[in-house]
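Values quoted throughout were computed directly from the atomic coordinates according to the rules given, and no laboratory measurement underlies them. What you see is a predicted model; the values in this text were computed from it and never measured. Every residue, glycine as well, gets a Cβ built from its backbone with ideal geometry; the counts of neighbours run over all protein chains shown.
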Amino acid sequence: MKGGSKVVVEPHRHEGVFIAKGKEDALCTKNMVPGEAVYNEKRISVQNEDGTKVEYRVWNPFRSKLAAAVLGGVDNIWMKPGSKVLYLGAASGTTVSHVSDLVGPGGVVYAVEFSHRSGRDLVNMAKKRTNVIPIIEDARHPAKYRMLVGMVDVIFSDVAQPDQF
């Protein structure tokens, strides 16, 4: 997807989410770290009338349950710019990075992941995204990480464990 005059980016009904209208429409978020991709996703650069550029990252619904829900027409994602989100099951941070874009610099994402392998990628992603706080801990035992997490507006659970409820 090429940027410039061919692509028009419009706000989605969920605040902080956008639709890039071009040859094919794509769900996207405004990149909080312009020039940086997290998982080799496509980036779209749009020039405003005043000459400033805004970069968006394409949000793949085949790699993110939250993106699939948005495209599927979910009523409310309960996240918007400035929200504080507790994200359980963060994995390597693919969806977390888009939630980071969505909540913006005024929000925060507490990203909990149990796997040390995925957690390493999550921590590296969070180094460039100041609103992501990676927590390598078992999401099923909140007492172990509660002192790291402030009050949140939303809890998003993307946990895949045999004894989850």
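Which residue is farthest from Leu122 (Cα to Cα), if the candidates are limited to the range 43-75 and must be surrounded by fewer than 13 Cβ atoms within 10 Å (Cβ to Cβ) and small (Gly, Ala, Ser)? Only one residue fits best here, namely Gly51.
Just to verify a result, which residue in the range 3-29, among those that are in contact (Cβ under 8 Å) with a residue 40 or more places away in the chain and part of a loop (DSSP other than H, G, I, E, B), is farthest from His98 (Cα to Cα)? Don't jump to the end; show me each part of the working.
Of the range 3-29, the ones in contact (Cβ under 8 Å) with a residue 40 or more places away in the chain are 3-4, 9, 12, 14-17, 27, 29.
From what's left, part of a loop (DSSP other than H, G, I, E, B): 3, 12, 14-16.
Numbers: Gly3: 19, His12: 14, His14: 13, Glu15: 13, Gly16: 10 Å.
Taking the candidates together, the pick is Gly3.
Remark: pairs (first residue in the range 30-42, surrounded by 14 or more Cβ atoms within 10 Å (Cβ to Cβ); second residue small (Gly, Ala, Ser); Cβ separation under 7 Å; 6+ apart in sequence or on different chains) = Met32/Ser100; Met32/Gly104; Val38/Gly93; Val38/Ser97.
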